[in-house]
Structures are given as C-alpha cells and as structure tokens.
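Student: Pasting in a structure now, in structure tokens, and then I'll have a few things to ask.
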Amino acid sequence: MAENRLEIATGAVVLAAAIAFFAFASHSSGLAGATGTYPLKASFRSIEGVSPGSDVKLAGVKVGTIGAMTLNPKTYMADVVVDLDKSILLPTDSAILISSEGLLGGNYVEIVPGGAPDNLAPGDEIEDTQGAVSLVSLLLKFVGSKADPAPAPPAP
C-alpha cells in the first residue's frame, strides 16, 4: 500500500512539472494569446532572418513579437504586422528596422522611438523602415572594393 502511494505521489509531481513546463512554454512563445498587445504595420524591402514569432525590441528589451508576414504583390515589399505591448506607446515618427544580434546571432526587429507629440494607434503603419542587411553582400562589397587597383597618380 505504501508503494502505491509513493508511485501516485511521484506521478503527481511529474504531471505537475509537465503542466508547468507547457504553461511556461506556451506563454513564452505567444501561443497563450496576445491579449495585452496591439497591431502595427510596416513594409520592408527585405525581412531576411525574421519570422513570425521573432522578437521586437526597444532599447534591447522585448516589447512585442512579429505576427503576420506577407508579400505585397503590387510593391514587392514584405508587409509585416507587429504585435506590440499595450503599455508601449510609440510616437508617429518612430522607425522600425531589422537588426542582427551579432556576427553569428539571429535577426530581430528593433524599434527606434521618435519625438513626435502624437502616438501611433492600433493598426497604424510605421513609415520609416529599414530592411535586413545581408552580411554576405556586405563582405562581397568590402572584398570587391579591396580588389580594385588603386588609380595611378597623375603624371607631372
């Protein structure tokens, strides 16, 4: 009888730990529902390295996530919906850009607040955007510029 109680108690502890883990994971990933957020729109030339669920940061602090991403067939720009925490009110002249976490890190979306007196309302579009910069293309430009011979000095 004591063995059964021990097995039941162990099973209950394992079950409680599993429930706590799934609750934490769903809350952290945004699957629990984004009730305290509002949507903002932005259009980027390139959103390379960013996907739905990617972090949106302001001053290095996570303030939201990327919601939907679609290709606009008329402009060939990537239309993005950003789900931003309701406690964060952004001025209308704020900028949004795709930044890299480092040389080997992934990309995230960074918000740079402006100084306008009016704030963006839910569903508004952030006009000032900067897409992802490809590290490979930057390296190729750097290497290409070093490969060009220096112009000869003018003859006297």
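Student: For region 55-133, which fully contained strands (runs of 3 or more DSSP E) count at least 2 residues that are assigned by TED's automatic domain parsing to the domain that holds Leu40, under 15 Å from Ser43 (Cα atoms) and at pLDDT 90 or above?
Tutor: In region 55-133, 61-71, 78-85, 95-100, 107-112 are the strands (runs of 3 or more DSSP E) which contain 2 or more residues that are assigned by TED's automatic domain parsing to the domain that holds Leu40, under 15 Å from Ser43 (Cα atoms) and at pLDDT 90 or above.
Student: Give the residue, chosen from Gly30, Gly11, that is on the phi > 0 side of the Ramachandran plot and at pLDDT below 90. Lay out the reasoning, then the answer.
Tutor: On the way: Gly11 fails: on the phi > 0 side of the Ramachandran plot.
When all the criteria are applied, what remains is Gly30.
The values are calculated or read from the model by the stated rules, or taken from the named source; none is laboratory data. Nothing here was measured: the structure is a model prediction, and the numbers come from that model.
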